[in-house]
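Enquirer: Shown below is the structure under consideration.
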Amino acid sequence: MPIEETSVFPELALDKIDCGICAQITHVQAAADICRRLQEMGICQSNTIRKIADHGAGAVVCEVGQSRLVISSALLQKIFVKELPP
């Protein structure tokens, strides 16, 4: 009987990741126009994103590539990622 392989790092919405953690974007679950705009900013499947700061004011600073972006808390719930090992 084969053993199911389970990931050490499950897929989570970006709002559930702690600051300083690097993660790989698995998918974005939003309307097509929002997905397209996020893709233009580099937030697309397989890219790496790092949550830099969360001051609890409804927006979070994230780093994608060499760019830093401020993303609303509501939008963070639509971006799904898997943590990358340290």
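Enquirer: Once amide H atoms are placed 1.01 Å from N in the peptide plane, what residues at a sequence separation of 5 or more from Ala53, or on another chain, have their amide H within under 5 Å of its amide H?
Expert: Here the answer is Val61, since their amide H atoms fall under 5 Å of that of Ala53.
Enquirer: Let me ask something else. In deg cm²/dmol, rounded to 500, what helix-only [θ] at 222 nm does the chain give when every DSSP H run of at least 4 residues adds -39500 (n - 2.57) and the total is split over its residues? Please list the in-between numbers first.
Expert: Working: 2 runs with 13 residues, N = 86.
After summing the helix terms and dividing by the residues of the chain, the value is -3500 deg cm²/dmol.
Enquirer: Quick one: putting +1 on the C-beta of Lys and Arg, -1 on the C-beta of Asp and Glu, what dipole do you get for the chain around its Cα centre, in Debye to the nearest 20?
Expert: Values: 8 positive and 10 negative charges, 59 e Å.
Computed charge dipole of the chain: roughly 280 debye.
Enquirer: Can you give the Rg to Rh ratio of the chain, both from alpha-carbon atoms, with Rh computed by the Kirkwood formula?
Expert: 1.01
No lab work stands behind these numbers, since they all come straight from the coordinates. Computed from a predicted model, the values in this text were never measured in an experiment. Here the Cβ is made from the backbone with ideal geometry for all residues, glycine too, and neighbour counts use every protein chain on show.
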